[in-house]
Amino acid sequence: MASVRLVLVLWIYINVLIKVMQASLCAKIHTPASLVLAGSPVSVTCSIEEDCLLTKGKDFRVAWKIDNDFAPSNLSYQESKRTYGILIPSLQRTADIVCVLCVADNNCQIVDGVTVDVGYLPTIPKNLSCALNKTQSSRLLCRWDPGQEKAILPTKYILHVSRANSEKSQYEIPPGQHLFLLPRNSYDILSEVEVYVTAVNVLGNATSAPLKLIPYQTAKLYAPVIKRFEALSSGCLRYSWSLSPTQEWLQFNFSVELRLSNQTEKELVVPFGVYQGNTIKVCGLRHGTNYTSTLRVNYGSWSEWSKPITATTLMRVPAGQLETWLKVNDQDAQLYWKPSKHFRANGWNLSYTVNSNDQIKPLCETQGSHCFFNLTKGIKKVYLRAKNAVGSSNHTQVTVYRKKGLGAVSNFRVLPQSETSVLTVWERPESSGVTGYVLEWRALCEKPAAPLSFSLIDKNNSSAIITGLSPYMPYNISVYPKYEDGIGSPLTLMAYSSQKAPSVAPNLTFVDIRHSEVELGWDEIPLEQRNGIIQGYTIYIWSDRGDLQEINTEMTNILVENLKPLTVYYTFICVHTMGGSTNGTIQHRSTGHTDGMGIVFFVIPASIGLALLFIIVVFTCFGKHERVKMCLWPIIPDPANSSIKKWTATDSLQGLPTFKEDKDPVLVYLSHFSLLDLSEKEPLKSDYVKESQWSRDIDSRNESHNSFQDRSSYDSTQDRDSVPYATVVFGSSYQSHSSPMPAYVRSDSTQPLLEGDDPGSPPPYENVSLGRRVPKVKHFNAFPLNSTQSEENEEVWEEFPMLKSLEIGDTDHN
């Protein structure tokens, strides 16, 4: 199997090789130039051989490919019968151009190809310069910038030199070099020459702009050397100098400049013009002052500055007055001073002495610029002197003002001028007699504490500029008016010369968290990290639902309200100055459940309202008891579940409406019963009542028996065959009532009448006439006790258990 596969691969390889060989023998390609200038037109031709096996007996056509892409057909043309060509109007990069032979069935085969390289002209050399090397050889060195080459093509440079007498010379520069040291015989050191450089490659050349110069004027001198200096008594310094050791042989007149500088004065440059010799002298300098000195020379061009040395003038005693500012608080005095414009220290290591006429011993001695001491009440003036190693200056008189609290200035403002200066403006005090102003300032964040600075302002000025401030540093600035007899009250402001965003943001803390509000608090930023005056704070608070709140405040705590319970809120603080803002870190907290205080505020009003409602209802019920009872709970007797012990006229009228007019008697419903308190020990003869209970409440068994006999005679004949339904007749006590009494009371029981549908039932009850008298019945009497009647009564009582309870039997008269 492996051998078959190997044979197949070899066959394919040989077949392809044969086709390639056939194709390579079919055509020849030609181009006028294999390297062309970028953007130039390029033409290529392809000639098909007559004996080409690919075209014998077949129709064919020729196509072109440029970098594996078929070229547009409009670029190709047929030069002769079997010669074809392509014209590329502008070739911008190196390209592979191939000739492709295609037979009728579009089977295309590459027959030949060529690579056309694209190049660029050399870059024009720039910044050509030549300088005379001031060594003993005195040769002219020329340099130039070759520029950036666009294509990697071999480029060579040729330097051309033309003298004033039209003599020309040129020098080919070795590859890779862009400087050349011209031979001494190619130019005159004092005559003008013209120099230019040409860059050359296979595509062309480029020439720099010509440079005309006199060689000696281009000489680059090395830095000179200051050998020594001498201090003169008149405030002068004398310097001795020379050229560098390699250029000392030059014997030209050079221009010289001396530069002097110290810590208190501006830099001073003293020119000496064309100077011959090696010594220079400078005068008018301050006595006892260290000057940093350096020197340079010019011969055609300036040399570098020499190495600096420190030269010191001779000392003298200090001269001039000092500016002073005395602040007195009772017997404590603070005296500040600084040099005036006319003060000269004339030395170094100055010390200062404060004296008074009343004391031999100095009040203060110091090397600083301020002094604190005690003043007795009798001292009116003190005297300040400066002293160096040579002697002491004349004293500066300082008047002691003890009167304070005089009128202050008004509308004091501090306005930034630059990063290191501010403008102070104020208005004159209303009181007259102002002799001047004192403007003082002090940095607040320096450690150790910065010294106080001050400036004395003329009385006619109401503004001043303070310079030399540090940016982003807070300063306390005060202005004092001065009077003939005292010092006015100060006005003080904190100010910045320039501001920026604070270095840090406050640390936001959650002081208190409730269900619907959060109290936030933070500390003020330390003064050294504020970088400006705090303008305010902005609090941002939001939840995942997107309900953002933005709160601006100038306080250091805030209460955020109208939040939702059990919700996570995110918050951060932003602090602002005039120079920018700084954001704090984002923090999150969750609001809680409804708190106890909120519940109390809800429950107490609700409880009070319910209590008031309950009290109103109770008082209404007690005040209108009977009416409420009749409206809500009318007394309706239930014969099936009631038993009667006794009732009186008063009891039976309870709950009945009064009769205001004499009308026909109306039905009166029996609505009040005296229920028996039945003992649990006695057995029941019926499901409704205990018959034995009645015997205990009868006053006389005999009297009851007689009464019952009368009653039975009244009812027996009339009701033997009718339904025995109750008509209760009230006793004599009921007749004594003032209102017209009803003839009878009809029961409102819902119990159906026995034999109600019997045709022999009696007619409905009707009211009796008013003239009819109701017989007096003091007691209920028993029915006759014969056996027949007893059986019939028993049947009746079974259906009317309540009426059965009225039965009294076997009673004896007493």
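Details
- Taken residue by residue, region 322-339 has no member that is open to solvent by less than 50 Å² (accessible area, probe 1.4 Å), assigned to a loop (DSSP other than H, G, I, E, B) and among the β-branched types (Val, Ile, Thr).
- Any chance residue 169 is open to solvent by less than 20 Å² (accessible area, probe 1.4 Å), hydroxyl-bearing (Ser, Thr, Tyr) and closer than 30 Å to residue 300 by Cβ: no
- Test for residue 77: is it over 18 Å from residue 40 (Cβ atoms), touching a Gly at 6+ places or on another chain (Cβ under 8 Å) and assigned to a strand (DSSP E or B): yes
- Filter result for the condition that a residue is polar (S, T, N, Q) and modelled with pLDDT of 85 or more, over 83, 55: 83
- For residue 499, the stated conditions hold: it is in a loop (DSSP other than H, G, I, E, B) and out of contact with any helix residue (DSSP H, G or I) (no Cβ under 7 Å at 6 or more places or on another chain).
- Considered as a group, the residues in region 217-245 that are open to solvent by less than 60 Å² (accessible area, probe 1.4 Å) and not in a strand (DSSP E or B) include one that is farthest from residue 120 (Cα to Cα), and that residue is 235.
- Criterion (under 29 Å from residue 340 (Cβ atoms) and at pLDDT below 90) met by exactly one of 485, 458: 485
- Matching residues, region 297-308, being surrounded by 14 or more Cβ atoms within 10 Å (Cβ to Cβ), part of a loop (DSSP other than H, G, I, E, B) and at pLDDT below 90: 299, 300, 303, 304
- Taken over region 358-383, the criterion of being within 17 Å of residue 402 (Cβ to Cβ) and either over 56 Å from the mean Cα position of the chain (by Cα) or open to solvent by 30 Å² or more (accessible area, probe 1.4 Å) (or both) is satisfied by 358, 363, 372, 374, 376, 377, 378, 379, 380, 381, 382.
- Filter pass, residue 36 being of a type in the set (A, V, I, L, M) and either under 23 Å from residue 107 (Cβ atoms) or modelled with pLDDT of 90 or more (or both): no
- Options 452, 493, 469: the member that is touching an Asp or Glu at 6+ places or on another chain (Cβ under 8 Å), in contact (Cβ under 8 Å) with a residue 12 or more places away in the chain and either open to solvent by less than 70 Å² (accessible area, probe 1.4 Å) or on the phi < 0 side of the Ramachandran plot (or both): 452
- Unmet criterion (only one of (1) part of a loop (DSSP other than H, G, I, E, B); (2) under 60 Å from the mean Cα position of the chain (by Cα); (3) at pLDDT 85 or above) for residue 284: (2)
- Looking across region 380-431, the residues that are farther than 28 Å from residue 492 by Cβ, in a loop (DSSP other than H, G, I, E, B) and aliphatic (A, V, I, L, M) come down to 389, 390.
- Within region 437-449, considering residues that are hydrophobic (A, V, I, L, M, F, W, C) and open to solvent by 20 Å² or more (accessible area, probe 1.4 Å), the one nearest to residue 341 (Cα to Cα): 441
- Condition check for residue 94: among the β-branched types (Val, Ile, Thr), within 60 Å of the chain's Cα centre (by Cα), open to solvent by 50 Å² or more (accessible area, probe 1.4 Å) and at pLDDT 85 or above: yes
- Picking from residues in region 340-357 that are within 21 Å of residue 438 (Cα to Cα) and open to solvent by 80 Å² or more (accessible area, probe 1.4 Å), the one that is nearest to the chain's Cα centre (by Cα) is 341.
- Residue check for residue 294: surrounded by fewer than 14 Cβ atoms within 10 Å (Cβ to Cβ) and either within 16 Å of residue 265 (Cβ to Cβ) or touching a Ser or Thr at 6+ places or on another chain (Cβ under 6 Å) (or both): no
The values are calculated or read from the model by the stated rules, or taken from the named source; none is laboratory data. The structure displayed is predicted, hence computed values, not measured ones. Every residue, glycine among them, receives a Cβ derived from its backbone with ideal geometry; neighbour counts consider all protein chains shown. For accessibility, only protein heavy atoms count, side chains too; no ligands or nucleic acids. Shrake-Rupley method; radii C 1.70, N 1.55, O 1.52, S 1.80 Å.
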